[in-house]
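Chemist: Quick one: the structure is below, questions incoming.
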Ligand code: F6P
């Protein structure tokens, strides 16, 4: 049945009209215990969702919607390896990457857990040999500089997690991430590197991605120029599902760490794509990281809806996206180590649920995935929070904070967290004209200084940023995205929307490189831009 025809959907539409005029101030006034009851906890993550524009009835109606679309069954279907990615006829099994040793999961007659652990073991041996210095570069020097070359999921996951877990990393080593085909990215990384001490990890599921291959070729030429062709095998490894392309590129497949087509790029950080992270933090921490994902997988699979963190976040997102008409969601980590978390979630969420047809190809008549954006607090407070507090748009926000700092310096952490608590309070309750008058605010300024409040937030509070809690946090958002994809009935695991641009760019490359004036057959805008570019470039 079409989502918008479901009685559970219509019930939420009717209910919206009763909730829309209600202020969070009233909800807290009528239920003073709300800040304790509208909470849930799992895998070390405490979620307070009381500052959302919902009542117990709203939540019940949302749970009914989850039931109506068969969410429980769909979770089980994904976890057991059904071909959930229907447009590519693939299983979706990133959850198998974190199954503990000794578990069993067969897909098409193959025990995937055994395969996963075999790769983890070889990654571990490799990581240890680099960390201990037993594996050296071609000139006998210790490898102290690792450059991961990849893009999208082959970059954002390891880059985010390396940054996030830097506290746990080997500080005698340097880790760099090169993704952009803009030559500046690789040029700056190479400028800062000594070839004799540098290892390149070429990370690409397909090993055909234009940006990654261009950067890898430049890196290879740089290395060969300094150390000779024979040095390549000591300084290059590949992470891919495509052994044929790896060896065509000139990397011995003995130096390749594999994964499988059932791991989507944006869900791949806990596959061999995480190799740079494992080298940085060591295999034991990496296994802790995987255990954190697994904790959240179990929670998602078994917790009742009312205490199921990914389901709660997913349903609250649906509530704002589809009933309040919100266009975006802001991700606001109060931890500098999570600097890249908003960018990581942009790919995870927007590449997954940025779809406008259902799984069987019908155009949807409702909004799907939101625009995801954000920055670490408190920097965002001095940039865009103004719009969240007083602008005309409703922007639901996720605040993510930690009770303990990994860098407990004087008052810093309490200052940081005072902002974390203050912002959600201000967004929910605002400041009324009456309160301003009591404070003797001049009358002409009252409209400017009024905060309407009633702006929804989730607070996620975690004790400490560790490999394990980071794993759980990422898995929480993976499953939130899954929950929403199931409700919207979209395939969250393909990404056809990135294809057209790639094809057109490949057609344009020869037109830019041509020594003679190419005859351009694009539209008049594209033709004129290309002509101007060619003229200016050759001046
Ligand atoms: O942008 C499309 C995409 O396919 C992403 O889904 C993926 O993470 C990225 O490109 C990189 O792909 P690959 O790992 O195959 O180089």
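Chemist: Beta carbons within 10 angstrom, averaged per residue: use that to sort the peptides 334-345, 513-524, 469-480, highest first.
Modeler: 469-480, 334-345, 513-524
Chemist: I would also like to ask the following. Working from the pairwise distances between different alpha carbons, so that the mean of 1/r is found and then inverted, what is segment 21-133's Kirkwood radius in Å?
Modeler: 18.5
Chemist: Tell me, what are the semi-axes, in whole angstrom and largest first, of the equivalent ellipsoid of segment 349-423 as set by the roots of 5 times the Cα gyration tensor eigenvalues?
Modeler: With the √(5λ) rule applied to segment 349-423, the semi-axes are 35, 16, 9 Å.
Chemist: Let me ask another. Evaluate 2.2 N^0.38 Å with N set to the residue count of segment 406-463, then give the Cα radius of gyration divided by it.
Modeler: Relative to the 2.2 N^0.38 Å estimate, segment 406-463 comes out at 1.51.
Chemist: Could you tell me the distance between the Cα centroids of segment 454-533 and segment 339-393, to the nearest Å?
Modeler: 12
Chemist: Here's another thing I want to ask about it. Give me the Å³ per residue figure for the convex hull around the C-alpha atoms of segment 74-166.
Modeler: Spread over its residues, the Cα hull of segment 74-166 gives 159 Å³ apiece.
Chemist: Would you mind calculating the relative contact order of the chain from Cα pairs under 8 angstrom and at least 6 residues apart, reporting the percent as a whole number?
Modeler: Here the relative contact order equals 19 percent.
Chemist: Can you figure out the FRET efficiency of residue 434 with residue 529, using R₀ = 45 Å and their beta-carbon distance, to the nearest 0.05?
Modeler: 0.20
Chemist: Can you tell me the mean projection area, over all orientations, of the convex hull of segment 231-367's alpha carbons? Units nm², please.
Modeler: Mean shadow area of the hull around the Cα atoms is 12.3 nm².
Chemist: Another one. Can you compute the equivalent ellipsoid semi-axes for segment 417-539, i.e. the square root of 5 times each eigenvalue of the Cα gyration tensor, sorted largest first and rounded to whole Å?
Modeler: 50, 29, 16
Chemist: For the chain, which semi-axes, largest first and in whole Å, follow from the square roots of 5 times the eigenvalues of its Cα gyration tensor?
Modeler: Rounded to whole Å, the semi-axes are 41, 27, 26.
Chemist: Still on this model: Assuming 0.692 mPa s and 37 °C, estimate D for segment 156-208 with Stokes-Einstein, Rh taken as the Kirkwood radius over Cα pairs, in µm²/s.
Modeler: 258
Chemist: In nm, to one decimal, how far is the modelled label at residue 500 from the one at residue 404, with both set 7 Å along Cα→Cβ?
Modeler: It works out to 5.1 nm between the two label points.
Chemist: Could you order the peptides 530-539, 273-282, 104-113 from most to least packed, using the average number of other C-beta atoms within 10 Å per residue?
Modeler: Result, highest mean Cβ count within 10 Å first: 273-282, 104-113, 530-539.
Chemist: Quick check: Cα centre of segment 169-196 to Cα centre of segment 12-90, how many Å?
Modeler: For segment 169-196 versus segment 12-90, the Cα centre distance is 43 Å.
Bear in mind these aren't lab numbers, they're just calculated from the coordinates by the rules spelled out. All values reported here derive from a predicted model rather than from experimental measurement. Positions of Cβ are generated from backbone atoms using ideal geometry, with glycine treated the same way; all protein chains shown enter the neighbour counts.
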